[in-house]
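S.K.: Input: one structure, supplied below.
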Amino acid sequence: MRLREWISSRRALLVAFALTLPLVTPRIRGADEIEYFSYLPSIVFDRDLSFGNEYRHFYERDPAGLAGFKETFLDLREPVTGRHINFAPLGSALLWSPFYLGAHAGVVAARALGSDVPADGYSLPYAAAACYASALYAFAGLLLVHGVLRRHGGVPEPAATLSVLGLWFGTPVLYYMTIAPAFSHSCSLFAVALVVSLTLREDERRGDGVLPWALLGAGCGLAGLVREQDVLIGVLPGGLLASRLLRERRLSVALRQALALAAGAALVFLPQLLAYRALNGGFGPSRMVARKMSWSSPHFLEVLLDPGHGLFLWTPLLLVAAVGLAAAVARRDPPRSLPWLALALLLQVWINGAVESWSQAGAFGSRRFVGATPIFAFGLAGVVAAGIRRFGTRLPALAVALCVWWNLSLMVQFGLNIMDRQRLRWPEVARAQLTEVPQRLGGAAWLFFTDRERLVREVP
């Protein structure tokens, strides 16, 4: 089978997903992961939103590694309610819950047959359920992206599949889908892809019904449940609805659909409002988060271009995608959805530039943009399709493969602590990509697949 024919098949995505499954690390380690996961044992086993025992469980397993976690999440309390702090929204736990409950049922059944695996909500089957669920949701999101590019983006094969594979393996998507799946980013990708897919399908139908718009609103609410910043994807259905009103001037239909959109979003987001109330004493995020926001977005450009932390330096493929999206919007008669997708991306830059911790120092890549992958896909697919028309499949595939190599090598550097995780120094990083990474890859890969815990302990 020729390269073009192979890439044109969705089997490429299925094979890629199967190959990534052994990379999934079923562990809950960092502060953010603990916050997201703790909703599950707290609600399922304790039937409350008090996280003291959950936090204590994770801290006692790794007191040295979680000393900073203890200072904030065990020792401090929300000033109004006196409860333990949890900055994480509950959407990821909601999406994980069917898998988590299935794991619990399996553990209970296994214990009845003599197994000694603890049915405590924390043991390996429970953590694995959440982590593999994240991988599955991310893959579902990527399939939605592929379908949207083909059906609504007018992207031919093999450009659609090659673009999805590039965004998957050439950006932080892979890291947060496999190495750190207990963050919210895989679920974020899925929720945003779902909204984009539903919106473009309904915009194409141009029906008068309100139910599809209520479902669209529910998708926007789910996106906000997973990560509050993702609710900004609502500008896409809202903008297309406003454009239709200006174009067709059917005020009553547009108003009914707008109300359905808002009602669906509010209904699905309601559990988060109630959680805010219980945890923080008001219907909003913790004041400890709000005081770290500057709505003028003073770091708007740094988020993209800062030498040590900028999105485009960490992930050059996303610069290509952003340029492709801008070029598509600038065309004489772009598709109706593209300007709103571009606005949604700008809003993500704005909200990330408004956060005091905009640099995301210590994290792998600009992880807060993983949810914007479905938007970047439109820009990248346009560039890849143009490259295939002009040069054939091999050259664009080689360019994407180069970006994938860059990202995978960065993952190795990050995992082995070769790089300065707090601020990248690009001459050192580039040199290590060609020298230290190849030298240490074999031994690290062996430990990764045979004794992952030892690998973590031995990394300086």
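S.K.: In the chain, which helices (entire DSSP H runs) extend 18 Å or more along their own long axis, judged by Cα positions, while averaging at least -0.5 on the Kyte-Doolittle scale?
M.R.: For the chain, where a helix must reach 18 Å along its axis and average at least -0.5, the hits are 91-112, 124-151, 185-205, 211-226, 235-248, 251-280, 316-329, 337-353, 373-391, 394-415, 436-450.
S.K.: Using R₀ = 60 Å, calculate the FRET efficiency as 1/(1 + (r/R₀)^6) where r is the Cβ-Cβ separation of Ala401 and Phe283; round to 0.05.
M.R.: Efficiency, from the Cβ-Cβ distance: 0.80.
S.K.: HN-Hα J couplings of the stretch 284-291 from phi, Karplus 6.51/-1.76/1.60, θ = phi - 60°, integer Hz, Gly and Pro as x?
M.R.: Result, ordered by residue: x, x, 4, 5, 5, 7, 4, 6 Hz.
S.K.: Shifting gears a bit: Say a site is exposed when it is one of the trypsin sites (Lys or Arg not before Pro), sits in a DSSP loop, and has at most 10 other Cβ atoms within 10 Å; what is then the longest site-free stretch of the chain?
M.R.: Working: sites that count: Arg2, Arg47, Arg206, Arg249, Arg291, Arg331, Arg332.
Segment 48-205 is the longest.
S.K.: Something else: Let's see if you can work this out: charge +1 on each Lys and Arg Cβ, -1 on each Asp and Glu Cβ, no other charges. What is the dipole magnitude of the chain about its Cα centre, in debye to the nearest 20?
M.R.: 1400
S.K.: Put +1 on the Cβ of each Lys and Arg and -1 on the Cβ of each Asp and Glu in the stretch 31-125; which of Gly106, Phe69, Gly52 then has its Cα farthest toward the positive end of the dipole?
M.R.: Highest projection toward the positive end goes to Gly106.
S.K.: Right, something else. In whole Å, what is the distance between the alpha-carbon centres of the stretch 354-380 and the stretch 192-226?
M.R.: 23
S.K.: Further question on the same structure: Of (i) 22.3, 69; (ii) 21.7, 73; (iii) 25.6, 93, which is the value of Rg and Dmax of the Cα atoms in Å derived from the coordinates here?
M.R.: So the structure-derived entry is (i).
S.K.: Now, a different point. Any idea what the dipole of the stretch 31-125 comes to, in debye rounded to 20, about its Cα centre with Lys/Arg Cβ at +1 and Asp/Glu Cβ at -1?
M.R.: Computed about the Cα centre, the dipole is about 220 debye.
S.K.: In angstroms, what radius of gyration and Dmax does the stretch 58-193 have, counting Cα atoms only?
M.R.: Cα radius of gyration and Dmax of the stretch 58-193 are 19.1, 56 Å respectively.
S.K.: Given the Cα-Cα distance of Ala105 and Leu305 and 0.36 nm per residue of separation, how much length would full extension add, in nm? Intermediate values should be presented prior to the final figure.
M.R.: Details: separation 200, 0.36 × 200 = 72.00 nm, distance 4.80 nm.
That pair, Ala105 and Leu305, stretches by 67.2 nm at full extension.
S.K.: Now for a different question. Taking neighbour counts of Cβ atoms within 10 Å as a proxy for exposure, in what order, fewest first, do His146, His104 appear?
M.R.: His104, His146
S.K.: Which one, Gly82, Met419, Tyr137, is farthest towards the positive end of the dipole of the chain when Lys and Arg carry +1 and Asp and Glu -1 on their Cβ?
M.R.: Working it through, the farthest residue towards the positive pole turns out to be Tyr137.
S.K.: Given the Cα-Cα distance of Arg11 and Arg205 and 0.36 nm per residue of separation, how much length would full extension add, in nm?
M.R.: Here the segment from Arg11 to Arg205 would lengthen by 67.0 nm.
S.K.: Estimate the FRET efficiency between Arg423 and Phe449 by the formula 1/(1 + (r/R0)^6), using the beta-carbon distance for r and 25 Å for R0, to the nearest 0.05.
M.R.: Given R0 = 25 Å and the Cβ-Cβ separation, E is 0.25.
S.K.: What is the Cα centroid distance between the stretch 230-307 and the stretch 387-460, reported in whole angstrom?
M.R.: Distance between centres, Cα-based: 36 Å.
S.K.: Follow-up. Along the charge dipole of the chain, which of Gly234, Pro172, Pro339 sits closest to the positive end, that is, farthest toward it, with unit charges on the beta carbon of Lys, Arg, Asp and Glu (+1, +1, -1, -1)?
M.R.: So the residue furthest toward the plus end is Pro339.
S.K.: Given the -39500 (n - 2.57) contribution per DSSP H run of 4+ residues, what per-residue ellipticity at 222 nm results for the chain, rounded to the nearest 500 deg cm²/dmol?
M.R.: After summing the helix terms and dividing by residue count, I get -21000 deg cm²/dmol.
S.K.: Taking Rh as the Kirkwood radius, which is the inverse of the mean 1/r over Cα pairs, what is the Rg/Rh value for the stretch 302-403? Could the numbers behind the result be given before it?
M.R.: Details: Rg = 14.5 Å, Rh = 14.5 Å.
So for the stretch 302-403, dividing Rg by the Kirkwood Rh gives 1.00.
S.K.: Full extension from Ala18 to Arg336: what is 0.36 nm times the residue separation minus their Cα-Cα distance, to one decimal in nm?
M.R.: 110.9 nm
S.K.: Next question. Give the longest segment of the chain that steers clear of chymotrypsin sites (Phe, Trp or Tyr not before Pro) in DSSP loops with at most 14 neighbouring Cβ atoms within 10 Å, not counting the sites themselves.
M.R.: 1-282
S.K.: What is the order of Leu142, Leu319, Leu259, Leu232, fewest Cβ neighbours within 10 Å to most?
M.R.: By the 10 Å Cβ count, ascending: Leu259, Leu319, Leu232, Leu142.
Values quoted throughout were computed directly from the atomic coordinates according to the rules given, and no laboratory measurement underlies them. This one's a predicted model, so the numbers in the text were calculated from it and none came from an experiment. All Cβ positions, even for glycine, are placed from backbone atoms using ideal geometry, and neighbour counts span all protein chains on display.
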